[in-house]
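A short worksheet on the structure shown next.
The values are calculated or read from the model by the stated rules, or taken from the named source; none is laboratory data. Since we're looking at a predicted model, the values are computed, not measured. Quick reminder, even Gly has a Cβ in these numbers, built from the backbone with ideal geometry, and neighbours come from all protein chains shown. Ligands, DNA and RNA are excluded from the accessible area calculation, which covers all protein heavy atoms including side chains. Shrake-Rupley method; radii C 1.70, N 1.55, O 1.52, S 1.80 Å.
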Amino acid sequence: MVTDLDARARAILTGNDRGGYTVPTAGLYPFQWNWDSAFAAWGFSTFDPDRAWTELETLLAHQWPDGMVPHIVFHRDDRGYFPGPDVWDTGRPVPTSGITQPPVAATMARMILAADPGQAGRAAALVPKLAAWHRWWMRARVREGVACVVHPWESGRDNAFDWDGGMANVDGSEVGTYQRRDTGHVDASMRPTKAEYDRYLALVQWGRAHGWDQVRMADEGPLLVADPGTCFILIRACDDLAALAAAAGVSDEGAGDMAHELRAGLGGIWNAEAGFWDARDLRTGAFSGILSAGAWLCWLAGAGRPEMASHLARAMDNVRYALPTVDPTLPTFEARRYWRGPAWPFYNALAALGLRDAGLGAEAERLRADTEALIRGGGFYEYFDPTDGTPCGGKDFTWTAAIWLTWAGRGA
Ligand code: DGY
């Protein structure tokens, strides 16, 4: 049965479709974003499977020769976004950014094929590209056994507390003048600060000045942080790629081995003193010491621990709508500022996928029910204040609509 909200969600996906790719939301994000696009594909799979495969195919068509799948593909010019293609200057035939984003595409492809098993051929064609991307991660971003990011944007959780330590050592004072566009679309109090943007830009300028040499960015660049969120997503993506390849009848091209290797390195992000999975600045060796959203994905990689279950219960009990993106009992918690507190529907879906697989069905269902309530109460926004449900960020958001159709609006 198609409900009014289902129809609205479908209309958002088709309205944000620019022909083969989907923008996260008009205005604020006018290009194709890597992990947004993978969620869009999952959403399309509920009513237009052909379009779902096309979304993934378009994303992977812009893979770099070294295997990296960029975090933004600038299909057509739009002056409403900063930093645009001229700032990145990556020299790609269709301009792209010069960093990547969490590799959720294999996980989405596996679910899409399960719902559309007749398309094994299209899935098989994606496997070598996804495997090349995962191998790129191992070569260009896995250091000390753990998946790292060289830019906070690479994590997708731009202003999370995870990067504060590492970013304090990035000099943002020489970036020159620039005009942000995001705060023209969304209230500045819900976005990263100017000091953060200066440093984001300094990191882009470093990559550009070093010819976007991805290995050098990890080994010599200003920032290298081991990220629990990316680690868990990559492990899950390798597991899912192996399963996708098996279902499509092709080789997994080493995906199973990569998952194994990554699991062996997980000790590097366990903060034993604090008792949680934690981001670690590999330039200094210091943990962030803050329980942040990356840790909520541990179950996705089969890395749940009793301590994490207690943290999750405490975090859920201290907000009205799960899941806060940082420990809500901390004085630094900001309920409406992007990744420093708000609940994100798509992220809840990802966390719930792991919780369900780990046998924590009640927690997964609470996440779903809370996400359903947030969307029913506030609409298809980018994120929400977890204390009172106030919608925040961009509206008519693609991945919020997608997870309504796939999960949040599907009942228990
Ligand atoms: C932004 O511009 O806000 C993005 O998160 C970068 O990917």
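So for the range 113-132 (the condition being within 16 Å of the ligand (Cβ to nearest atom) and β-branched (V, I, T)), does at least one residue qualify? Checking the range 113-132: not a single residue is within 16 Å of the ligand (Cβ to nearest atom) and β-branched (V, I, T).
For every residue, the table says whether it meets (1) away from the ligand (no atom under 16 Å from the Cβ); (2) in contact (Cβ under 8 Å) with a residue 40 or more places away in the chain; (3) not hydrophobic (A, V, I, L, M, F, W, C).
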{"residue": "Y197", "(1), (2), (3)": "no, no, yes"}
{"residue": "Q205", "(1), (2), (3)": "no, no, yes"}
{"residue": "H210", "(1), (2), (3)": "yes, no, yes"}
{"residue": "Q214", "(1), (2), (3)": "yes, yes, yes"}
{"residue": "L224", "(1), (2), (3)": "yes, yes, no"}
{"residue": "F232", "(1), (2), (3)": "yes, yes, no"}
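For the range 272-295, give me each residue that is outside any helix (DSSP H, G or I), open to solvent by less than 30 Å² (accessible area, probe 1.4 Å) and closer than 26 Å to T107 by Cβ. If the condition is that a residue be outside any helix (DSSP H, G or I), open to solvent by less than 30 Å² (accessible area, probe 1.4 Å) and closer than 26 Å to T107 by Cβ, then F276, W277, D278, A279, L282, L291, S292 are the ones that fit. One residue stands out in the range 95-141 among those that are β-branched (V, I, T) and not in a loop (DSSP other than H, G, I, E, B): the one that is nearest to L203 (Cα to Cα), namely T96.
Looking across the range 52-79, the residues that are within 16 Å of the ligand (Cβ to nearest atom) and open to solvent by less than 20 Å² (accessible area, probe 1.4 Å) come down to L59, M68, V69, P70, H71, I72, V73, F74. Applying the set (1) without any contact (Cβ under 8 Å) to a residue 40 or more places away in the chain; (2) within 16 Å of the ligand (Cβ to nearest atom) to A38 leaves exactly one unmet item: (1). Please work out which one of (1) touching a Pro at 6+ places or on another chain (Cβ under 9 Å); (2) basic (K, R); (3) under 24 Å from W344 (Cα atoms) is the condition R305 fails and give its number. Answer for R305: the failing condition is (1). Just a yes or no: is a residue in the range 161-174 surrounded by fewer than 21 Cβ atoms within 10 Å (Cβ to Cβ), among the hydrophobic types (A, V, I, L, M, F, W, C), in a helix (DSSP H, G or I) and within 15 Å of the ligand (Cβ to nearest atom)? Within the range 161-174, not a single residue is surrounded by fewer than 21 Cβ atoms within 10 Å (Cβ to Cβ), among the hydrophobic types (A, V, I, L, M, F, W, C), in a helix (DSSP H, G or I) and within 15 Å of the ligand (Cβ to nearest atom). Each residue in the range 175-188 was checked for being open to solvent by 60 Å² or more (accessible area, probe 1.4 Å) and within 13 Å of the ligand (Cβ to nearest atom), and 3 pass.
When R191 is tested against the conditions (1) open to solvent by 10 Å² or more (accessible area, probe 1.4 Å); (2) within 15 Å of the ligand (Cβ to nearest atom); (3) of a type in the set (D, E, K, R), the lone failure is (1). Taking the numbered list (1) away from the ligand (no atom under 16 Å from the Cβ); (2) over 18 Å from L130 (Cβ atoms); (3) under 16 Å from the mean Cα position of the chain (by Cα) in turn, D48 passes all entries but (3).
Can you find a residue that is in a helix (DSSP H, G or I) and under 20 Å from P102 (Cα atoms) anywhere in the range 78-88? Scanning the range 78-88 turns up at least one residue that is in a helix (DSSP H, G or I) and under 20 Å from P102 (Cα atoms). Check whether at least one residue in the range 217-231 is surrounded by 22 or more Cβ atoms within 10 Å (Cβ to Cβ) and of a type in the set (S, T, Y), and report yes or no. Checked the range 217-231: at least one residue is surrounded by 22 or more Cβ atoms within 10 Å (Cβ to Cβ) and of a type in the set (S, T, Y). Only one entry of V2, V23 meets the criterion of being open to solvent by less than 40 Å² (accessible area, probe 1.4 Å) and either more than 12 Å from the ligand (Cβ to nearest atom) or touching a residue at least 40 places away in the same chain (Cβ under 8 Å) (or both), and that entry is V23. Put simply, of W344, W399 the only residue that is of a type outside the set (D, E) and touching a Ser or Thr at 6+ places or on another chain (Cβ under 8 Å) is W344.
Inspection of the range 311-318 finds a residue satisfying the criterion of being closer than 30 Å to K194 by Cα, open to solvent by 20 Å² or more (accessible area, probe 1.4 Å) and in a loop (DSSP other than H, G, I, E, B). If you check Q101 against the conditions, is it surrounded by 24 or more Cβ atoms within 10 Å (Cβ to Cβ), of a type outside the set (G, A, S), over 25 Å from V142 (Cβ atoms) and within 16 Å of the ligand (Cβ to nearest atom)? In short, no. Total residues in the range 177-236 satisfying the condition of being closer than 30 Å to H260 by Cβ and assigned to a helix (DSSP H, G or I): the figure is 16. Tell me, yes or no, whether the range 231-239 has at least one residue that is in contact with an Asp or Glu (Cβ under 6 Å, 6 or more places away or on another chain) and at pLDDT 95 or above. Looking for residues that are in contact with an Asp or Glu (Cβ under 6 Å, 6 or more places away or on another chain) and at pLDDT 95 or above, one finds none in the range 231-239, hence no. Counting only residues that are of a type in the set (G, A, S) and in a helix (DSSP H, G or I), the range 7-41 holds 8 of them. Pairs meeting the criteria (first residue in the range 76-90 and over 14 Å from G184 (Cβ atoms), second residue among the polar types (S, T, N, Q) and within 11 Å of the ligand (Cβ to nearest atom), beta carbons under 6 Å, at least 6 apart or on different chains) are W88/S97.
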